[in-house]
Each structure stands twice: as C-alpha cells, then as structure tokens.
1. Output the Kirkwood hydrodynamic radius of region B:340-476, Cα pairs only, in Å rounded to one decimal.
2. Which whole-angstrom value gives the distance between the alpha carbon centres of region A:167-197 and region B:142-211?
3. Can you give the direction-averaged projected area of the convex hull of the alpha-carbon atoms in region B:291-361, in nm²?
4. Seen from all sides and averaged, what is the projected area of the convex hull of the Cα atoms in chain B, in nm²?
5. As I understand it, the value is the acute angle between the Cα axis of helix A:117-127 and the longest principal axis of the Cα atoms of chain A; what does it come to in degrees, rounded to 10?
6. Can you tell me how the protein assembly as shown classifies by the Cα gyration tensor, rounded, prolate or oblate, using a/c under 1.5 as the rounded cut?
7. Rounded to a whole number, what is D in µm²/s for chain A from Stokes-Einstein with the Kirkwood radius over alpha-carbon pairs (37 °C, 0.692 mPa s)?
8. Which semi-axes, in whole Å and largest first, does the equivalent ellipsoid of region B:278-412 have when worked out from the alpha carbon gyration tensor as the square roots of 5 times its eigenvalues?
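Read-outs: derived from the displayed coordinates by stated rules, not from any lab. Computed from a prediction, not measured in an experiment: that's the story for all the values here. Note that we place each Cβ from the backbone using ideal geometry, even for glycine, and neighbour counts take in every protein chain shown.
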C-alpha cells in the first residue's frame with residue numbers, strides 16, 4: 001500500500017444515498033482476475049444519464065467523491081474500491097459507509113471519511129466551484145472558505161495509511177502468537193481441525 | 001464470576017490471538033470459504049509475495065457465482081465447457097489455485113457442489129462458535145448456526161489465506177427480538193424482509209445482530225440461515241442465532257461435524273455460548289410477529305418493504321428529503337405509480353434460488369403452492385435452482401422436481417444463478433421478476449431488470465397467477 005496523508009482537489013458532488021456496490025461496479029465487471037482496469041465500469045449505470053457528475057468537465061479527474069448515507073452497501077466485492085481507485089478517486093466523504101466497503105477502501109489506501117449530513121451539504125456546495133482538502137494527520141476536511149470539519153478514524157487504520165503498512169507483513173510478525181493460539185485450541189477444541197476429526 | 005456476556009462477546013473473546021494498544025484485535029479465523037470471483041487476485045498476491053496458505057485444512061473452495069445452471073455434463077459424461085471466456089477463465093483460476101495451495105476443491109460436477117453458503121452448513125464445515133469468513137457479503141448466513149460469520153474483501157481473503165487471522169475492531173451488539181407466532185403463509189424470508197424494512201438498509205451498520213425471541217427459536221436451521229443471510233441487507237456486519245437442540249440435530253452426522261466423544265464435548269461447549277442473563281446489548285429492537293405479513297419489496301433498496309396487502313408508496317410520504325428523492329428514482333426505475341396495489345403488479349419472471357432461499361425447506365414451500373397448478377401464461381421464464389447438488393438430489397427423491405416441471409418451471413443445476421446477473425441467468429431489461437434472492441438493487445439481476453424480493457411460497461404464488469400475489473389466498 002502506498003502511504004497517503006492528504007488529498008486535495010476537486011470533488012464529485014454525487015450526494016446520493018445508499019450507493020450500492022452494484023452501482024459502483026456492476027457484476028459483469030467482476031469476471032476479471034486482475035485488480036486493474038475497472039475504472040471503465042465504475043458507476044456505469046449512473047453514467048448513462050446525461051449531465052451526470054462523472055462526465056461533467058467541471059469535475060474531470062476529481063480525487064474526491066461526496067456521497068450520501070450508507071455508501072458502498074451490498075456486496076463484499078473489493079472491485080468497488082479498485083474501480084474507484086482506477087477512476088482516480090482517492091477519498092470518499094459520506095455520513096456513513098457499509099462496514100465491508102470501508103474495510104476494502106482502507107486496504108487500498110482509499111480514504112473513507114465520515115462527516116455529518118450538515119457538513120456533507122456544505123461540501124456539496126463548495127465542490128461546485130472550489131477544491132476540498134482532506135488532511136489525515138490532523139483528521140480535518142477544510143475548504144478555501146474557512147470551513148473546518150474534524151473526522152474520526154480508527155488509530156490502527158490511520159497508522160497503516162500514513163505509513164503505507166503491508167498489513168500481511170505486519171501480521172506475520174505475530175506468527176508465534178498465532179501458533180500458540182493454534183496449539184491451545186487444538187487441545188481444547190480438537191474438532192476445529194478437520195483432519196483430526 | 002465474570003460479567004454477563006452476549007453470544008457475540010463470547011465468540012469474539014474466544015478468538016483473540018493478540019490485542020493491540022489501540023484496541024484492534026488479531027482474530028483467529030476457524031473456517032474460510034473460497035469461491036472463484038473474489039479469490040484470483042488474492043492467490044496472485046500470495047504468489048507475488050512468495051507466501052503460502054497457512055491453514056489449507058481450514059479452507060474450502062467451491063465455484064458458484066459464474067457457473068451456468070444448465071447441464072454440466074453431456075450425454076457421454078464429458079464436461080460441457082463454459083461458453084463465456086471470462087467466466088471460464090475465472091473457474092480455471094480457482095481449479096488451478098486450489099491444488100497449488102493445497103486447498104480442498106469441490107468440482108462443478110461434484111454432487112457436493114453448490115452455493116458456498118449452502119455447502120458450508122450442509123457439510124458440517126460451518127459450526128457453532130466458530131469464526132467463518134468468505135469473500136462474499138452473504139457469509140453472515142452461517143450465523144444461523146451460531147457462528148460469527150461475515151463477508152470480507154479480496155485483500156482480507158489474502159490476509160486470511162496467509163495468516164488465518166484478521167485485524168479487526170469489535171463491533172457493537174444489537175438484539176433483534178421477534179416474539180409471538182407467525183401466521184399462515186409467513187416464512188423466515190418475510191421475517192427478515194420485515195426486519196430490514198423496520199431497521200432500514202443501514203440500521204445495523206457497525207453492529208453484529210443477535211436474532212432472538214420465540215419466533216427465531218421456533219424456526220428450523222434453514223429458516224435461521226435465511227434470516228442471518230440477510231443481516232447485511234440491514235447493514236449488520238454479521239447475524240447470529242444462539243445454537244440450541246435444533247442446531248445440534250441439524251449438524252449431527254454431517255461429514256465434517258465432530259464425531260464420537262468429540263461430538264459430546266463440542267455440544268457442551270456450544271451450549272455454553274448462549275447470551276448470559278443480564279448481558280447488555282448496545283441496542284435492542286423488538287418486533288411483534290403479528291405485524292409480519294407475507295412481504296414484498298417495491299423499490300431498489302432491500303429496505304423498501306411492504307406487506308403484500310400494501311400499495312406503492314408516494315415518495316412525498318417519506319419524512320427524509322433524501323429518501324423522497326431516492327423513492328422517486330426507485331419508482332421511475334421500477335415503472336410503478338404511487339397508490340397502486342402491490343397485488344396489481346404483473347411479473348414475467350420467477351426466480352426460486354440463491355443463498356437466501358435454495359435449501360430443501362424453501363423448495364418444499366414453493367412446491368406446496370405449485371402442486372397440481374400451472375404457471376400463468378404471462379410468465380416467460382421461471383426457474384428453480386437448488387442450492388447444492390445434495391439439495392437437488394433430496395428434492396428429486398421427494399418428487400419436488402416433477403411438481404416444478406409439471407407446473408411449467410425449469411429445474412436447474414446448483415449455483416448463484418439469477419441472484420446477481422453474472423452468469424447466463426439474467427432478467428431482461430424492463431421486465432419484472434418475483435425473486436427469492438436478497439437484493440433488489442438497480443441492475444442486480446441484469447441491466448434494467450426490476451426485482452421484487454419475496455419468499456419461496458410467494459414466488460410460487462406469483463408464478464401461478466402471473467402477478468404479485470398474497471400466497472394466503474392459495475393455501476387456505
């Protein structure tokens with residue numbers, strides 16, 4: 001994972017509530033065996049509508065997306081995060097995210113920032129004309145108009161994002177603890193190891 | 001004596017390998033189900049990093065999402081190749097990756113093959129008190145057996161393959177208590193649709209839900225799996241039902257379930273997992289069974305639920321302005337007008353299947369309505385897709401396949417089928433489907449497809465009349 005500490009730039013003012021994973025990337029795109037190239041299918045259904053924000057030149061190349069409640073609900077497909085990253089999006093700001101999507105976003109260095117609806121409404125306005133700045137270190141979203149919104153983030157996720165931590169590599173350092181756990185369980189609950197049944 | 005704990009807290013605490021200073025825990029994963037769609041990039045990641053699968057013995061691979069549900073063998077017993085080259089490639093990747101990494105693989109032509117969430121419980125791979133993951137959001141399904149089961153993304157699939165653990169923060173707990181007795185024609189699917197309508201699509205976000213109460217206790221394992229399966233549709237990380245005698249009777253003798261003396265030890269342990277008296281949930285929601293009718297969705301979010309006796313809502317009737325806009329969009333997509341009785345809505349397609357509703361009890365419920373009846377003339381396409389080869393075998397032994405075929409429905413091979421618009425089973429644009437699956441998202445069953453989520457009995461009733469129908473009129 002590449003380290004990420006801030007995102008600054010234009011933002012797509014989508015605002016929509018319950019943006020599900022089939023909206024982010026329809027199932028027909030899930031047949032790939034690679035992580036790349038999914039930007040072409042990102043928000044495919046929304047992009048069939050004339051005047052959609054993704055094809056509006058005013059927002060071309062925006063690194064931020066602003067959405068409504070329950071963003072990324074539905075499927076566990078990480079293709080949703082891959083497709084958004086491939087489209088050039090580095091951060092999503094919404095009042096809430098589905099648990100699985102926010103995990104997938106985090107694993108791909110895509111910031112999923114939770115702010116209250118009032119802040120979202122304000123950012124939707126600002127995005128029409130100006131840039132938005134997300135600073136992970138200070139946990140703030142700011143605008144050129146002195147708006148300043150603080151957000152919460154899990155400290156472990158913040159550490160991994162800022163330092164670009166390889167999470168598997170990190171966990172493998174705990175191999176001895178995992179082995180100790182396995183030994184304890186194979187004694188107390190032997191039925192959990194199918195080969196021993 | 002330690003403080004009273006919920007079922008969720010007990011399973012969580014039993015799986016903590018390490019706790020970090022910030023509260024994040026390294027959680028051991030007991031069971032990992034792998035399918036062809038969300039795993040290729042994970043195996044590729046392992047190869048690139050030169051990593052192995054830590055516990056292939058705790059991992060089981062089975063293809064389901066891409067597989068066509070038409071015949072898999074020709075008259076000579078040879079494999080019929082998959083026509084779609086991308087689907088074929090994904091299948092081949094799993095066929096290659098499983099043996100390369102030492103993982104048991106259930107082949108598409110094996111009688112044990114089926115939808116991962118049907119296969120796990122059926123084989124006794126899924127057990128109470130375990131942690132179960134799969135790169136699929138409906139993994140919550142296995143919570144019906146009292147397992148802490150949840151969907152993960154591909155990076156986490158790779159993490160579990162490499163380490164048999166996940167770095168997680170504990171979720172909040174919620175109790176959804178359903179008390180009373182279900183009326184005739186009201187099934188587990190109606191209960192979970194109703195719960196989703198009450199909680200909303202994000203009502204369970206950040207929570208693990210334990211379903212309790214007399215209605216849940218009275219359900220079979222098939223019914224409990226249906227409820228827990230859709231925990232994700234109200235946003236929950238996982239769903240749970242405390243294991244009890246119904247659970248143990250279901251699991252006993254299953255191929256991968258404990259045997260002999262280990263069985264008795266296991267049952268004693270599983271009994272100890274029930275939520276203690278006095279344990280506190282972060283949130284409690286109570287539902288009266290008498291309020292639950294045969295249910296159906298009208299919109300494009302699973303929260304858009306109505307009793308079949310209801311009428312299409314007016315968007316202006318919603319208090320939340322963003323919901324008003326969403327409802328209008330949904331009605332436009334669904335081609336419905338406010339005030340229209342749900343029972344006036346004609347359907348052209350029927351899908352009975354998916355990880356929510358493809359077990360033997362689901363097929364029995366649909367067959368009970370279809371027995372001696374024919375599908376309506378306006379039904380163009382109606383398929384019944386058993387959840388596994390073993391469900392198919394059992395249904396055929398009971399003669400259910402003949403009931404479906406005689407009614408004019410197609411009897412298919414096991415797989416995810418028309419739930420997700422990924423394999424050849426799709427609903428044409430602009431057409432409606434009464435579907436026993438779990439999601440009515442825009443384009444879910446195919447571009448432009450209009451989905452109405454219902455129970456198996458309600459799907460069967462719609463097949464008979466050609467319209468969304470109150471099944472109670474057909475069973476009285």
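1. On the way: mean 1/r = 0.0698 Å⁻¹.
Evaluated over region B:340-476, this radius sits at 14.3 Å.
2. Cα centroid of region A:167-197 versus Cα centroid of region B:142-211: 25 Å apart.
3. On the way: hull surface 24.2 nm².
Spelled out: convex hull of the Cα atoms, projected over all directions, averaged, 6.1 nm².
4. Numbers: hull surface 94.0 nm².
For chain B, the mean projected area of the Cα convex hull comes to 23.5 nm².
5. 50 degrees
6. Details: a/c = 1.39, a/b = 1.09, b/c = 1.28.
Rounded, because the longest to shortest axis ratio a/c is under 1.5.
7. Numbers: Rh = 18.2 Å.
For the chosen part, D equals 180 µm²/s.
8. Values: eigenvalues 213, 103, 34 Å².
For region B:278-412, the semi-axes come out at 33, 23, 13 Å.
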